[in-house]
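In what follows, a single structure is set out as structure tokens and then discussed.
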Amino acid sequence: MKTICFTNTGYRYRLGSQVFRSLSLTLSEGHIYGLLGENGVGKSTLMKLAAGVLIPTAGSVTIEGLNASRREESAMAKL
């Protein structure tokens, strides 16, 4: 089953704004997920972490066990 996993993921912008701290979440194939929240709460940051555009400052983000921040071709094809 295809999954995207956030494991104890944290992200902090350079100016010190903490967006996530110890976020653990598994998104599985065949399910529909909604991402809701006010402006500035980290929705786009979460998607950028999943796509490997941003690198977590703590923990990890994996796509079927492959590190998303390495942007390996096989992981990006599954995304």
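Remark on the chain: hydrodynamic radius 12.8 angstrom, per the Kirkwood mean of 1/r across alpha carbon pairs.
Applying the criteria of a DSSP loop state and at most 12 other Cβ atoms within 10 Å to the GluC sites (Glu not before Pro) of the chain yields GLU29, GLU38. When the Gaussian network model of the chain links Cα atoms closer than 10 Å, the mean-square fluctuations of GLY42, GLY59, GLY16 top out at GLY16.
For THR57, the residues whose amide H sits under 5 Å from its own are GLY10, TYR11, ARG12, ignoring neighbours fewer than 5 places away on the same chain, with H placed 1.01 Å from N. Here the Karplus relation 6.51 cos²θ - 1.76 cosθ + 1.60, evaluated at θ = phi - 60°, turns the backbone of the stretch 39-48 into coupling constants of 4, x, 9, x, 4, 5, 4, 4, 5, 5 Hz, with x for every Gly and Pro.
Read-outs: derived from the displayed coordinates by stated rules, not from any lab. From a predicted model like this one, the values you see are computed outputs, not experimental measurements. With ideal geometry, Cβ positions are generated from the backbone for all residues, glycine too; neighbour counts draw on all protein chains shown.
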